[in-house]
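S.K.: Structure below; questions to follow.
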Amino acid sequence: MNLDYTLVMVALGGALLGALSGFLGTFAVLRGQSLMGDTLSHAALPGIAVAFLLAGRDPLILLLGAGIAAWIGAQMVRAITTTTRIKEDAAMGIVLASFFALGIALLSYIQKRGDASQAGLDKFIFGQAAAMTVNDVLLIGIVGAAITLIVLMFWKELKLITFDPAFAAANGYPVRWLDLLLATLIAVGIVLGLQLAGVILMVGLLIAPAVAARQWVNTLGKMITLSSLLGMVAGMVGAVLSGADRGLPTGPLIIVAASILVLISIFFAPGRGVIYGWWLRRKQHGLS
Amino acid sequence: MTPTISENLAHAALEINDLTVAYIQQGSQKPALWDVDLRVPEGVLMGIVGPNGAGKSTLIKASLELLPRAAGDVRFFGRSYHQARRQVGYVPQRGSVDWDFPTTVLDVVMMGLYGRMGWVRRPGKPDRARAFQALEQVGLADYADRQISRLSGGQQQRTFLARALVQDAQLYFMDEPFAAVDAVTERAIVELLRQLRQQGKTVIVVHHDLSTVSEYFDQVTLLNREIVASGPVNQVFTDQNLQKAYGGRLNFNVGVGQVGAA
Amino acid sequence: MAFLERLVIDLLLRFWSVEQLNAALSDPRTVALIVGGLVAVATALPGVILLLRKSALTADAISHSVLFGIVVAFLVMLALGADPDLSSPWLIVGAAAAGVITVVLTEAIQRSGLVKADAALGLVFPFLFAAAVIMVTRYIPNVHLDADAVMVGEIGAAWANTNSYCLDHCDEVIITPEHPKAEVGRRCLNCTPGGITPRDPRAQFEALCANCGTYSAAEAWRLRLIDAPPALIFFPRAIITVGLAALINVLFVILLYKELKLSTFDPALARSFGFRPGLISLALMALVSLTAVAAFDAVGAVLVVAFFIIPAGTAYLLTDRLWRMYLIAAVVGIVAVIGGYDLARGYLMGFEINRLLEMLDKLIGLGGYTEWNVSISASMVVFMFLIFLLVWVASPRYGLISLMIRRRWQQLNFGTQLMLGHVYNHRESPNAPVECAPETLHEHLNWSQRKTSRLMALARTQNWLRIEDGLITLTDQGEARVRAFREG
């Protein structure tokens, strides 16, 4: 009974977080912000450590710390690219590696204090679904529902600024604010997902479902639906597998599951995939 | 070069006064447009030509407040852009968006209606009908449900034009609509421009091909960071002005010599 | 590898004694600094090229995929029954090849057009990294390759993983009965209890040597069979691995200096000279992979990215010359290694971090734990970041302070230019009385009155314009300035 309850929580949490990542990842991929997602997730680590040192292990506080650190990281990337001649890729590399190192240094301090694993901070590195409690699942559900509601409410505006921001601005939409809204939603999704996938691999959970979904469907509505579904599958599979075998970290399992979905999609998607491409070329070759 | 105020008391479709736009390069400001004065009367087709880097696209973007202005003022029908936005349509460069975006042709055209739809509201049946009608106008009715990544360059351009048409504006800005399009599309665009003029609309087109300027446009502006000349094609599009706008580069362009003689 | 280690040891012995060397090489700090310094040099040089080629994230990509290569090579060696060792040249080359192959594959996916370039990068490397982590936790029962080491390496333990070399009194000792140290005795062959005793004249004896046999030098010394101890050197393995990587990288950037420069700044021209930028690019990837593998043991797969990018980024803010960038990047890396080691042990440039922790403990409560002792490689990266921040703020040419000063000056300069240009354009037009009136100028420029009058005052004190009959007119200097600006 007890085991079942844990496994149900783990599966539910994994499914919800996977779906949310797939949902938001659609926008991250279409806006070309995949690697910014990677930077944000790495940058969150020192925030988690500092929040723990200041306020203890309340999960909400830890997430808040993660969010603040990720936000500082994003601002720093922006500041480096706007005030120096360092390009965005290098700026992201610098911030990503530095913040991650700061996080690791702080975690090793906490660890030597002797209560890092009790505090469950290790789970933020490679992800650990087994630690999911009913409160975590509730929090994910509520925040996820709020995010989904906001995106659906501003659906056409978000679609427009993603496809053609200049046209949106010329039509009087406050593109900067909408950008900020979308970036904030994505950041919240990333921070929530860290406990499942970990800071190193979160980017995979964010973008793999969206990339896989894009191969099968041709409209934004269908893409975001399918991406959420694929994310849900990957999240649940990874969470349950690692929940059943405590030795395996959740993040890597989820990423492998999601990557298999991507591989299948890239090869077999009708009208677009690699195999379709071969078939098309052979047909054209035969005709000419 | 600035028309005197007595020349036309009615408000011009577009009136640019002393517009300077700067871009920042390694922390230092460089002018992209330099103290530009321009007046476009209502109901004309105006071509904007000039060498690469002359600030043609910048002129449009700064007018639409997509870029910050260092100095100067832009008026549309005598009003600010904020007040006149519904009357202004915009066709960005085709290359400025990702054509692998998951959406259909009809959906892109409907984006032209978002501006007047207001927040949160979704497009409905009349909007679809309106978008479909615009697609018919540009000859893409059969492509309404096609994924935009499956369009040719010319079809992409016509999709953008259809999107501008549903905006039902009085003044249109088009950024290089003729760039790298097929002959069918080029004819379709020219036909569309003439229809718009017949309806009394004003169209301002950034253009590259000097040999077609006198055929397509009523008025032309020669731009090279400053206004070199602006006005009716037969008065302004002279060898002398072209020489001023393009400098030495003109000598290499055979097509221009023919235009100057015409 | 052994040959190289021997070569280095012989060289070092020209300057120091065996005892001095052993003392130095068994000191964790010294070894960590040597290994770290070599890692810094090995990574900073290709890092500069990566940064200039706008492919900084390739370092990120490669370091992740290289982990996959290392783990697979590790498993293959285990399956073959060999003892896998991270400093084995086979393992290094195999893992580096995996890095190169995955980078080439990613580029192929990017070219297919099915996936955007940035997303392709974000797909392939997390997948390989995830697969590698699963393999590590599942199949590798080895203390040298756990999940922590994967991230941050074990530079603090580099001193303990050594090869030993014997320099003197190294020969095997063979003890024969004639040897002076031989413990020779006799054994009675026909003695029986109650019958023949050893003292009996009938007793027959054979000579017997208790300790005859072959001994290694160390054993012989332990058993005191020789008078002087063998001179052994314990040489940390990591030094040669990362040292070799550093050497190859130094040779690469020196020998191919102009080829790298040209193929980075102008690939088309480089191609026309027959430099084959594609080949150079591939060589660079191979070198970055090799370096990442060599540095893996010391700093792990994730933090090595920082060693590639941050020193290069710092150098980029200090100089415009390529060779200076190489030099500065290497120096920044080395300084960060030294500063970072001490930072990990609680000292930031002479300041004791424990003091700060004690203070914080009193203020907010750290549970009384006030001893700062943290991951060494992570601290090196943090120190690197501190240097970067310092340079970003204070670099004389590209720093924030000089940028702010320059921007302020630029704004004044650009503003007055704009004003002079406006007057210049309208000075002969019929609208001049409207356009060039000092009272209404701000309306035409759409500026605030304050900004306009301030800039006008500035231009007047510089004698670029004057006000005549209620009209702004340019002086000769003012006109010259406008013309000079437009032509420039």
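S.K.: Shielding by partners for A:217-226, please: the mean number of other protein chain Cβ atoms within 10 Å of each residue's Cβ.
M.R.: 3
S.K.: Next up: Nearest 20 debye, what's the magnitude of the dipole of the protein assembly as shown about its Cα centre given +1 on Lys and Arg Cβ and -1 on Asp and Glu Cβ?
M.R.: My answer is approximately 1520 debye.
S.K.: Still on this structure: Residue-wise, which Karplus ³J(HN,Hα) couplings in Hz belong to the stretch B:59-75, taking 6.51 cos²θ - 1.76 cosθ + 1.60, θ = phi - 60°, and x for glycine or proline?
M.R.: 4, 5, 5, 5, 4, 7, 6, 7, 10, x, 9, 7, 6, x, 8, 10, 10
S.K.: Return the single residue from B:Lys244, B:Lys125, B:Lys30 with maximal mean-square fluctuation; model: Gaussian network over chain B, springs between Cα atoms under 10 Å.
M.R.: Answer for the Gaussian network model of chain B: B:Lys125.
S.K.: Can you return the lysines within cross-link range of A:Lys283? Criterion is Cα-Cα under 16 Å, with same-chain partners fewer than 8 residues away left out.
M.R.: Here the lysines satisfying the reach criterion relative to A:Lys283 do not exist.
S.K.: Follow-up. From other protein chains only, count the Cβ atoms within 10 Å of every residue's Cβ in C:303-311, then give the mean.
M.R.: 5
S.K.: Over 18 Å between C-alpha atoms is what I'm after, so list which of B:Lys56/B:Lys244; A:Lys159/B:Lys56; A:Lys156/B:Lys125; B:Lys30/C:Lys261 land there.
M.R.: Beyond 18 Å between Cα atoms: A:Lys159/B:Lys56; B:Lys30/C:Lys261.
S.K.: Round to the nearest 10 and report in Å² the accessible area of C:Tyr398, as given by a 1.4 Å probe over the protein chains' heavy atoms.
M.R.: 30 Å²
S.K.: Show me the trypsin sites (Lys or Arg not before Pro) within the stretch C:257-355 that DSSP assigns to loop and that have at most 11 other Cβ atoms within 10 Å of their Cβ.
M.R.: C:Arg321
S.K.: Sticking with this structure for a sec: Taking a Cβ-Cβ separation under 4.7 Å as the criterion for a possible partner, which cysteines of chain C have none?
M.R.: Cys with no partner Cβ under 4.7 Å: C:Cys436.
S.K.: If one computes the Cα centroid of the stretch B:163-216 and of the stretch A:1-67, what distance in Å separates the two points?
M.R.: For the stretch B:163-216 versus the stretch A:1-67, the Cα centre distance is 50 Å.
S.K.: Given R₀ = 56 Å, what would the calculated FRET efficiency be for C:Leu12 paired with C:Glu443, taking r from the Cβ atoms and rounding to 0.05?
M.R.: Once rounded, the FRET efficiency stands at 0.10.
S.K.: Okay, moving on. Residues with amide H under 5 Å of B:Ala229's amide H, sequence separation 5 or more or different chain, H placed in the peptide plane at 1.01 Å from N; which?
M.R.: For B:Ala229, whose amide H was placed from the backbone, the distant partners under 5 Å are B:Leu222.
S.K.: Tell me, what ³J(HN,Hα) does each residue in the stretch A:181-195 have, in order and in whole Hz, if you take phi through Karplus 6.51 cos²θ - 1.76 cosθ + 1.60 with θ = phi - 60° and put x for Gly and Pro?
M.R.: These are the phi-based 3J(HN,Hα) values: 4, 5, 4, 5, 4, 4, 5, 4, x, 4, 4, 4, x, 4, 5 Hz.
S.K.: With every protein chain kept in place and ligands, DNA and RNA left out, what is the accessible area per residue of chain B? Probe 1.4 Å, answer in Å².
M.R.: With the other protein chains kept in place, chain B gives 42 Å² per residue.
S.K.: Now a separate question. Report the calculated FRET efficiency for C:Val393 and C:Leu4 (r = Cβ-Cβ distance, R0 = 41 Å), to the nearest 0.05.
M.R.: The calculated FRET efficiency here is 0.45.
S.K.: Could you rank C:Thr197, B:Thr185 by how accessible they are, 1.4 Å probe, largest area first?
M.R.: C:Thr197, B:Thr185
S.K.: How much space per residue, in cubic angstrom, does the convex hull of the C-alpha atoms of the protein assembly as shown take up?
M.R.: It comes to 267 Å³ per residue, whole-number rounded.
S.K.: Using a 10 Å cut-off around each Cβ of peptide B:100-112, what is the average number of partner chain Cβ atoms that fall inside?
M.R.: Across B:100-112, the average partner-chain Cβ count within 10 Å equals 5.
S.K.: With r as the distance between the Cβ atoms of C:Ala79 and C:Ala228 and R0 = 56 Å, compute the FRET efficiency 1/(1 + (r/R0)^6) and round to 0.05.
M.R.: About 0.80, to the nearest 0.05.
S.K.: Among B:Asp182, B:Asp35, B:Asp142, which one shows the highest mean-square fluctuation when chain B is modelled as a Gaussian network with alpha-carbon springs under 10 Å?
M.R.: B:Asp142
S.K.: Under 5 Å between amide hydrogens, which residues at least 5 positions from B:Tyr172 or on another chain qualify, with H placed 1.01 Å from N in the peptide plane?
M.R.: B:Gly89, B:Thr202, B:Val203, B:Ile204
S.K.: Could you derive backbone 3J(HN,Hα) for the stretch C:428-445 from the dihedral phi with the Karplus parameters 6.51, -1.76 and 1.60 (θ = phi - 60°), listing whole Hz in sequence and x where the residue is Gly or Pro?
M.R.: Coupling constants for the stretch C:428-445: 10, 7, x, 7, 3, x, 7, 6, 10, 7, x, 6, 10, 3, 4, 5, 5, 7 Hz.
S.K.: When chain B is modelled as a GNM with alpha-carbon springs shorter than 10 Å, which of B:Ala183, B:Ala22, B:Ala70 fluctuates the most?
M.R.: Among B:Ala183, B:Ala22, B:Ala70, the largest GNM mean-square fluctuation belongs to B:Ala183.
S.K.: Pairs A:Lys112/C:Lys54; A:Lys123/A:Lys222; A:Lys112/C:Lys362: which exceed 29 Å Cα-Cα?
M.R.: Distance filter (> 29 Å) returns A:Lys112/C:Lys54; A:Lys123/A:Lys222.
S.K.: Could you give the dipole magnitude of the stretch A:2-287 about its Cα centre, charging the beta-carbon of Lys and Arg +1 and that of Asp and Glu -1, in debye to the nearest 20?
M.R.: 820 debye
S.K.: Just going by the charge dipole of the protein assembly as shown, with Lys and Arg at +1 and Asp and Glu at -1 on Cβ, which of C:Thr137, C:Trp447, C:Cys166 is farthest out on the positive end?
M.R.: C:Trp447
S.K.: Can you list the residues, at least 5 places off or on another chain, whose amide H is less than 5 Å from the amide H of C:Asn211, using H built in the peptide plane?
M.R.: C:Glu183
The values are calculated or read from the model by the stated rules, or taken from the named source; none is laboratory data. Computed from a prediction, not measured in an experiment: that's the story for all the values here. FYI the Cβ positions are ideal-geometry reconstructions off the backbone, even for glycines, and counts take in every protein chain you see. Only protein heavy atoms, including side chains, enter the accessible area calculation; ligands, DNA and RNA are left aside. Shrake-Rupley method; radii C 1.70, N 1.55, O 1.52, S 1.80 Å.
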